[in-house]
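Here is the structure we will look at.
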């Protein structure tokens, strides 16, 4: 089978069974360095993807995909609007809600809270609130009972459990003979939810009818919350719905509500990628050292090849080929190790925590008590390409030095 001579010689120079053990050693070190760089890159990006995916799933467990509301006023004739929104092919369900702000007090504890009134019979069609409950039932949010479901961190801060009562202070005033005072309402805790995100510390759910009375929506609602067939298409669908309703309503999707968080994560991932690429580049510098030493060691061979008529391009091809083989082997080993580690990092970290009785991630600080991982093929391909490109760039200078070796001088020194 035909094989270009530069490929044959380059592969031969990469043979680890040669007698020159030192060059063999630094070649192996170069491969290991590239492999470690690739492995770390794949693992770190997979963990960051895992965190993003986990937080996103928790957000969607308590947040509708799209919300349609009036411009600063309640929606009254919302039945027709609901039917209109359901006509969109990507909208699966629509449910009403009432929003409000207030402060919850119990004893000396005072906490700000965002209150959302929902319909217990229709909430499952919009987002899976039931699946987030630690204790209690959504069906206990009965009209007129003024029950409330609190986030786990908020309930812990207030020191309440199911059956306890709290006071909701509404930012509205009542005028009486005693003067001006804020409106207060006694609420009974009927459930506690936990999603492991900021909602746990400042969110509460009530029956939509009770919320409408407290926040005086005058028979209307704040808006409609939608569930989509594909939550990741929410920005596009929200734009379609805004145009479909001719801009009469405010349309907001879940990515916009949490835009600051996801923008920060995206920037962090990008900066982490470039930082680790620099570490990989440092590992590739070992490849330059290896090839420079090989060129020095093979000056006589290069002189013979040049004397036999080998062009500078072919001489360069020999050492570029050798560097590419080392880079390719290191990249393949790094990809295999990185993929294996990314797929098992959650179990590995859990085993280390159990063995040494330590906790790397506290749920109170990070909202997640384990190390998630989400291996994405696009990241693996991009990292492998970057590793190979850096490896090829590292071969240019040593290959250029080899191509400029003068045959007569190389053979004279060898003699």
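Here residue 375 clears all of (1) modelled with pLDDT of 80 or more; (2) assigned to a loop (DSSP other than H, G, I, E, B); (3) over 37 Å from the mean Cα position of the chain (by Cα) except the condition numbered (3).
Could you please let me know if residue 387 is under 25 Å from residue 53 (Cα atoms), assigned by TED's automatic domain parsing to the domain that holds residue 270, touching a helix residue (DSSP H, G or I) at 6+ places or on another chain (Cβ under 7 Å) and in contact (Cβ under 8 Å) with a residue 12 or more places away in the chain? No. Out of all the residues in segment 271-278, is one or more touching a residue at least 12 places away in the same chain (Cβ under 8 Å), surrounded by fewer than 18 Cβ atoms within 10 Å (Cβ to Cβ) and more than 22 Å from residue 391 (Cβ to Cβ)? Taking every residue of segment 271-278 in turn, none turns out to be touching a residue at least 12 places away in the same chain (Cβ under 8 Å), surrounded by fewer than 18 Cβ atoms within 10 Å (Cβ to Cβ) and more than 22 Å from residue 391 (Cβ to Cβ). Please tell me if residue 40 is under 29 Å from residue 237 (Cα atoms), crowded, with 19+ Cβ neighbours inside 10 Å and at pLDDT 85 or above. No; evaluated as a whole, the condition is false for this residue. When we screen 284, 251 for residues that are buried (at least 17 other Cβ atoms within 10 Å of the Cβ), in contact (Cβ under 8 Å) with a residue 40 or more places away in the chain, over 18 Å from the mean Cα position of the chain (by Cα) and not in a helix (DSSP H, G or I), the only hit is 251. Scanning segment 213-227 for residues that are crowded, with 21+ Cβ neighbours inside 10 Å and within 18 Å of residue 94 (Cα to Cα) returns 221, 222, 223, 224, 225, 226.
Taken together, the criteria exclude residue 98 from residues that are within 16 Å of residue 247 (Cα to Cα), touching a helix residue (DSSP H, G or I) at 6+ places or on another chain (Cβ under 7 Å) and in a strand (DSSP E or B). Of all residues in segment 307-325, those being part of a helix (DSSP H, G or I) and over 19 Å from residue 396 (Cβ atoms) number 1.
The values are calculated or read from the model by the stated rules, or taken from the named source; none is laboratory data. Treat the numbers as computed from the prediction; the structure is a model and nothing was measured. Every residue, glycine among them, receives a Cβ derived from its backbone with ideal geometry; neighbour counts consider all protein chains shown.
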